[in-house]
Each structure stands twice: as structure tokens, then as C-alpha cells.
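Working notes, structure below.
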Amino acid sequence: MNEQALSVREAIISRRSIKSFNGQPIEPEIIPEIIEDAVWAPNHGNRNPWRLVVAAGEQYEQILDVLKEFGVANWKQLSDEDLEKQMKKFTSASAAVFVIVPEDARQKERLEDYAAASMLIQNIQLLAWDKGIGTCWKTPGFLDNPKFRERLGIHPGERIISMLQFGYFDATPKANPRKPVEEIITYFGDNEKESVE
């Protein structure tokens, strides 16, 4: 693995959300190394408004039972073969990081904290990509299930905003197009000219 193999621009433009992992294990120590750098994300008032629950290595094997319980409907009624197919969305990855933010009662701070944690997530994704590790930011409905929250040790006043999956992969997905810059930029003063005309 090469440190700083990609420029910032290369990492941003080449990164893809990986949904087909190859099951190759990730060295568990890589996750905290990535997080150690990712926490330099900008955040209002230096509140560092995030907490992370990490499952890698043996911990990921243990959390698979929890993901099966909450992420596969009627799993007890499924055949072994069907259950294996349903679990592939979890078992092909090698680690998961659950990103948790405080649900501040003040709307401004709550939105600032969510935005900051989102930047942390992108930092994690870019740093992982630079190491040849794919990620996918997922928000399955069970993240808000009280029993799932309890299993993860989520406190009252906290919200899980991401189940970030990690894994190695064999193929890089094709890029989805983005809107052209011309469609998303309005230059200051243009609206005034249009309203005068």
C-alpha cells in the first residue's frame, strides 16, 4: 500500500461507492489509522461532533449476527441458501464503521454537526480509497430501530447517520455523471439582471 499515492484531486474524482466487495479481510489496524487522519475534517466550534462504533476483524464477524437480525427480514424462515444470498450485502464487506452524531436541540448546531460528520465520512472514504480500500455509505432503516441502537450502545440524544462499509474489491464501478458546472452555478448579480429584463 502506498501512502499518498493519489493527489487530493485524483482521490476525489476517482473515488466510487463500492457495493460489490470481494470478501478479502481488511487488516483491522487500518481503520483507526484512517480515522486518525479523517478527524481533521472542518467542524464548527471545534466540537468534533462525532462518535464512531468500529467493527473490524473478529468484531465484524460478531456484528454479522446483529446485522442479520435487523437487516434481513424473516431470516429465521429462510433456507440456508437464501439466507446466505441475503447476507451477501454484509458478508462481502470486511468492516463497518457506524458514525454517530449528537441530536442537538438547537437546529443550527444540529445541522452544523451533521454537515461536519458528513465531511468526516468523506475524509474516511478518500483516505480508504487512497489505500485501495472501497467504502459505501449506507443508511438502512434499521439504524433507527431502538433495539439495534441498544445493541450498538447508542445513547439517548444520539443518532446513527451512517453505516460505512469497508472492503477490498475487484472492479471499479463506472462513474455516474454529475451535473455540468454551468447548471449548478449562478453568478452573483445574474438574478438582478434577469428580474430587470
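The values are calculated or read from the model by the stated rules, or taken from the named source; none is laboratory data. Note that this is a predicted model, so its numbers are computed, not measured. As a convention, Cβ positions derive from the backbone with ideal geometry for all residues, glycine included, and neighbour counts pool all protein chains shown. The area values use the complete protein model at the heavy-atom level, side chains included, leaving out ligands, DNA and RNA. Shrake-Rupley method; radii C 1.70, N 1.55, O 1.52, S 1.80 Å.
Values computed for the structure shown
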read-out	value
Semi-axis lengths, Å, the stretch 6-110, gyration tensor of Cα atoms, sqrt of 5 times eigenvalues	30, 20, 14
Carbon plus sulfur fraction of accessible area for the stretch 8-183, probe 1.4 Å, in percent	50 percent
Dipole axis of the stretch 8-183 (+1 Lys, Arg; -1 Asp, Glu on Cβ), positive-most option in TYR168, ASN145, ALA128	ASN145
Rounded to 10°, Cα long-axis angle of helix 80-91 versus longest principal axis of the chain	40 degrees
Mean accessible surface per residue for the chain, computed with a 1.4 Å probe while every protein chain stays in place, in Å²	63 Å²
Rg/Rg_ref, the chain, where Rg_ref = 2.2 N^0.38 Å and atoms are Cα	1.19
Chymotrypsin sites (Phe, Trp or Tyr not before Pro) restricted to DSSP loop in the stretch 1-110 with at most 11 other C-beta within 10 Å	TRP40
Placed amide H near ALA95: partners under 5 Å, 5+ positions off or other chain	PHE166
Charge dipole (the stretch 8-183, unit charges on Cβ, about Cα centre) - positive-most of VAL181, VAL99, LEU83	VAL181
Ratio of Rg to Rh over the stretch 112-164 (Cα coordinates, Kirkwood Rh, two decimals)	1.03
Computed [θ] at 222 nm, helices only, for the chain once each DSSP H run of length n ≥ 4 contributes -39500 (n - 2.57)	-12500 deg cm²/dmol
20 °C / 1.002 mPa s Stokes-Einstein diffusion coefficient of the stretch 82-139, Kirkwood radius on C-alpha pairs, µm²/s	158 µm²/s
Under 10 Å, Cβ to Cβ, from HIS44 - net charge with Lys/Arg +1 and Asp/Glu -1	-1
Convex hull volume per residue for the stretch 128-197, taking Cα atoms only, in Å³	222 Å³
Candidates ALA117, ALA11, ALA105, ranked by Gaussian network fluctuation over the chain, Cα under 10 Å, top entry	ALA105
Reachable aspartates and glutamates from LYS68, criterion Cα separation under 18 angstrom, eight or more residues apart if same chain	GLU58, ASP80, GLU81, ASP82, GLU84, ASP144, GLU150
Size of the stretch 47-95 as Cα extents on the principal axes (Å, biggest first)	47, 20, 15
